[in-house]
Amino acid sequence: MRKCSPVAAVVLSVILLCFDCVAATITAHPPTVSQHKTRKSSRHVTESSSAQKHMNRMRHSSASVARRNRSTHTVSHKRHRYYERFTASSFAEDQVAGDITAGEDPVVRAAAVEALGSMNGTIVAMDPDSGRILAMVNQKLALSAGAQPCSTIKVAVALAALSENVITKDTPVQLGRYWKVDLTTALAKSNNAYFEAVGRKLGFEKVSYYAQQFGLGELAGWGIPNEQLGTFPETELDARLGGVGKMCSFGESISLTPLQLAALMGAIANGGTLYYLQHPTTPEQVTNFAPKVKRQLDIGPLVPEISEGMSGAVEYGTARLLRTNFIEEPILGKTGTCSKNGTRYGWFGSFANTQYGRIVTVVFLEGGRPTFGPKAAELAGVMYRNLYDHNFFAVKTPATSAEKGAGAGSVGVRQ
């Protein structure tokens, strides 16, 4: 082996000594990771065009996936919906038990009984030119204390507002920033917001005055045994419950009887005469029948103003189910649906506006979910269908005294 020089040996010893010192230092004090961020290079890296396109496709794809995930993501908390529970039944048996029918028109009676079927309700039919009740099916319910009129109250409110020049048929009522409704549409579609606004413009005192004029809150019949009284409150509904607006849109705090609605519909049909309703119970009472006028209403010029909306209800509005059974003659009417204390109400007040055989029909139903205003209109259509099939809406010759005494053919006579 070749021997190194003395100088080289010294240098090598120094190097080995330094290496041992550094190793000892590293062992005693291991290096720590710096907590400071490294300085970004100021140099700008430009990707190639193909790389940029690929990166864009990846970004868009990721965004699409994220949007899909958001749209299909189910929120842990569920939205609670309120479902009204009804305790009353929409169907009944023996509704006609106890009815007194000797003085009713047999054709109208049969048509009404068939139309009502097994539904829990009543049908009242009357002659608008005399106030004679032609048929009253389920008289116990028809003569009861009544129920909330629901949206049928809108007819009385419309007449009151027209009488006070608050609106005309074509007045657009602002219901929202971009939403206006006129009377015809509001009646046909039973727009609650419209009649709440109109009711507030009228005020409770005027609404109450006209309601009394139209027969609400008083007996509709003349000497009809067991007839009970509907009510119209003396004070306005509490503002926290909607005030006069709710009274004019839903009939809140008001009780209406089928006879009261029939009397009002009769006054509209004949142009302003509010008759007392009379219910003959014997052939002799039919023979000697004499109309009794309660009061004259100054609504003749206003009837055409509301007729278009009441006709629209049947043609394309809330009462259009009537047309599934009857389209041959024009029918004008108004539906109503609401509920109280577990019972749902369905109303339909209407009249056939024909040259021969004019008749007012009121259908009132009570029960559960199958009960509502459009259903009442559907049943009225069945009744009008039955009357039409029995030539009620046709030219008739005057009935003889014997026929009148039998209670047949005495209604709908036009000379």
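Yes or no, residue by residue, for (1) open to solvent by 30 Å² or more (accessible area, probe 1.4 Å); (2) modelled with pLDDT under 90; (3) assigned to a helix (DSSP H, G or I); (4) not aliphatic (A, V, I, L, M):
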residue: Lys375; (1), (2), (3), (4): yes, no, yes, yes
residue: Ala380; (1), (2), (3), (4): no, no, yes, no
residue: Met383; (1), (2), (3), (4): no, no, yes, no
residue: Tyr388; (1), (2), (3), (4): yes, no, yes, yes
residue: Asn391; (1), (2), (3), (4): yes, no, no, yes
residue: Val395; (1), (2), (3), (4): yes, yes, no, no
residue: Lys404; (1), (2), (3), (4): yes, yes, yes, yes
residue: Val411; (1), (2), (3), (4): no, yes, no, no
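Looking at the structure I just gave you, is Thr101 at pLDDT below 95 and open to solvent by 10 Å² or more (accessible area, probe 1.4 Å)? In short, no. Scanning segment 334-359 for residues that are within 20 Å of the chain's Cα centre (by Cα) and open to solvent by 10 Å² or more (accessible area, probe 1.4 Å) yields Thr337, Cys338, Ser339, Lys340, Asn341, Gly342, Thr343, Arg344, Tyr345.
Considering every residue within segment 242-256, establish whether at least one is in contact with a strand residue (DSSP E or B) (Cβ under 6 Å, 6 or more places away or on another chain), surrounded by 20 or more Cβ atoms within 10 Å (Cβ to Cβ) and part of a strand (DSSP E or B). Yes: segment 242-256 contains one or more residues that are in contact with a strand residue (DSSP E or B) (Cβ under 6 Å, 6 or more places away or on another chain), surrounded by 20 or more Cβ atoms within 10 Å (Cβ to Cβ) and part of a strand (DSSP E or B).
When segment 184-200 is filtered for residues that are more than 12 Å from the chain's Cα centre (by Cα), of a type in the set (Gly, Ala, Ser) and open to solvent by 10 Å² or more (accessible area, probe 1.4 Å), only Ala197 remains.
In the set (1) free of Cβ contacts under 8 Å to residues at least 40 places away in the same chain; (2) crowded, with 20+ Cβ neighbours inside 10 Å; (3) of a type in the set (A, V, I, L, M), Ala239 fails one condition alone, (2). Report whether or not Gly223 is in a loop (DSSP other than H, G, I, E, B), at positive phi and crowded, with 23+ Cβ neighbours inside 10 Å. Against the criterion (in a loop (DSSP other than H, G, I, E, B), at positive phi and crowded, with 23+ Cβ neighbours inside 10 Å), Gly223 does not qualify.
Let's see how each residue does on (1) over 15 Å from the mean Cα position of the chain (by Cα); (2) open to solvent by less than 30 Å² (accessible area, probe 1.4 Å):
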site	(1), (2)
Glu315	yes, no
Leu321	no, no
Leu332	yes, yes
Arg369	no, no
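I'm checking my understanding of the structure. Among residues of segment 201-220 that are in contact with a Leu (Cβ under 7 Å, 6 or more places away or on another chain), open to solvent by less than 30 Å² (accessible area, probe 1.4 Å) and of a type in the set (A, V, I, L, M), which one is farthest from Ser249 (Cα to Cα)? Among those that are in contact with a Leu (Cβ under 7 Å, 6 or more places away or on another chain), open to solvent by less than 30 Å² (accessible area, probe 1.4 Å) and of a type in the set (A, V, I, L, M), it is Ala220.
Yes or no: segment 269-284 includes at least one residue that is at pLDDT below 95, assigned to a loop (DSSP other than H, G, I, E, B) and open to solvent by less than 40 Å² (accessible area, probe 1.4 Å). Looking for residues that are at pLDDT below 95, assigned to a loop (DSSP other than H, G, I, E, B) and open to solvent by less than 40 Å² (accessible area, probe 1.4 Å), one finds none in segment 269-284, hence no.
The values are calculated or read from the model by the stated rules, or taken from the named source; none is laboratory data. Since this is a predicted model, take the numbers as computed values, not measurements. So basically every Cβ, Gly included, is an ideal-geometry build from the backbone, and we count neighbours across all protein chains shown. Quick note on the areas: whole protein, heavy atoms, side chains included, nothing else; ligands and nucleic acids left out. Shrake-Rupley method; radii C 1.70, N 1.55, O 1.52, S 1.80 Å.
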